[in-house]
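See structure below.
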Amino acid sequence: MVNLIKPEPHFPAPWTLNGEGIIMVFNFKKDWLKKSGLWNLNSSEVYRGGLGFVMLVNYHESPVGPYKELLIIPGKYGLQKRQSISHIFVDSEASTENGRYNWGIPKETVPMIWHSGDNVDTIGIGPEDKPILFCKIKTRGIPFPATTRLLPIRLQQFLGGKEFHTDPKGSGWAKLAKIEKIRVDSDRFPDISQVKPLLSFKVNPFTMHFPIAQQVHEHQR
């Protein structure tokens, strides 16, 4: 079990972050979820379906400074049909420590690269000799508004013996995106190279707001 120790320095919620991000929207199938260990994230939280998301984010501004991020939200869980982040990597230890403490998000710190040019983003997550994920994403088309009003995120995270509920909000301008190349280390991250997204788009620029989490006690559930 992770011990939730107050980071030093601590950057308390709420947070407002600005940057760019690539969002892949999936309808994950039961067999793939079970194979990837995502069917039942917690002993009492059964998978309830819904859309899943993989996000690659390049935060240019945050309370802990710039950092990059990879995460997966497999879908909705539990009676309240909230979402959970099952895997998340960032390249900032301050983001890891504060993300765990503020919202119960199970961040891990690894090196990352993100190169942009000619409407192509080349992204590497983890060690160069054995990346957790490597991809090339091509962006195209006319910009359109994107907001969490259309694809809401209502997080339920379990960490350090605590339960956190957080409803982040975000908005920005998006273009359609296409995965040109992708490799995944399935020992570290669910192998999304084996499933096809319903939709992929890049949001640039965008703003995210992470409010103070509600810590839930058993009688509140």
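The values are calculated or read from the model by the stated rules, or taken from the named source; none is laboratory data. In this text the structure is predicted, and so the values were computed from the model without any measurement. Ideal geometry is used to build each Cβ from the backbone, glycine not excepted, and the neighbour counts take in all protein chains shown. What goes into the accessible areas is simple: the full protein's heavy atoms, side chains included, and nothing from ligands, DNA or RNA. Shrake-Rupley method; radii C 1.70, N 1.55, O 1.52, S 1.80 Å.
Okay, here's what the table says:
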quantity: Residues of region 63-85 that turn out to be among the polar types (S, T, N, Q) and buried (at least 22 other Cβ atoms within 10 Å of the Cβ), as a count; calculated: 2
quantity: Restricting region 44-62 to residues that are touching a Leu at 6+ places or on another chain (Cβ under 6 Å) and not in a loop (DSSP other than H, G, I, E, B), the residue that is most open to solvent (accessible area, probe 1.4 Å); calculated: Met55
quantity: Region 7-50, subset without any contact (Cβ under 8 Å) to a residue 60 or more places away in the chain and among the polar types (S, T, N, Q), residue farthest from Phe134 (Cα to Cα); calculated: Ser44
quantity: Output for region 160-169, where each listed residue is open to solvent by less than 60 Å² (accessible area, probe 1.4 Å), part of a strand (DSSP E or B) and at pLDDT 95 or above; calculated: Phe164, His165, Thr166
quantity: Residue in region 205-213 that is assigned to a loop (DSSP other than H, G, I, E, B), open to solvent by 30 Å² or more (accessible area, probe 1.4 Å), touching a residue at least 24 places away in the same chain (Cβ under 8 Å) and within 30 Å of Gly161 (Cα to Cα) present; calculated: yes
quantity: Residues of region 58-85 satisfying the condition of being over 21 Å from Phe11 (Cα atoms) and charged (D, E, K, R); calculated: Lys76, Lys81, Arg82
quantity: Residue that is modelled with the lowest pLDDT [pool: residues in region 4-43 that are open to solvent by 50 Å² or more (accessible area, probe 1.4 Å) and hydroxyl-bearing (Ser, Thr, Tyr)]; calculated: Ser43
quantity: Ile85 vs. criteria in a strand (DSSP E or B) and among the hydrophobic types (A, V, I, L, M, F, W, C); calculated: no
quantity: Filter pass, Ile113 being of a type in the set (A, V, I, L, M, F, W, C), in contact with a strand residue (DSSP E or B) (Cβ under 9 Å, 6 or more places away or on another chain), open to solvent by 10 Å² or more (accessible area, probe 1.4 Å) and closer than 18 Å to Asp185 by Cβ; calculated: yes
quantity: Selected residue (criterion: most open to solvent (accessible area, probe 1.4 Å)) from residues of region 120-159 that are without any contact (Cβ under 8 Å) to a residue 60 or more places away in the chain, over 23 Å from Val184 (Cβ atoms) and outside any strand (DSSP E or B); calculated: Arg149
quantity: Residues being assigned to a strand (DSSP E or B), touching a residue at least 60 places away in the same chain (Cβ under 8 Å) and surrounded by 15 or more Cβ atoms within 10 Å (Cβ to Cβ) - total across region 175-204; calculated: 7
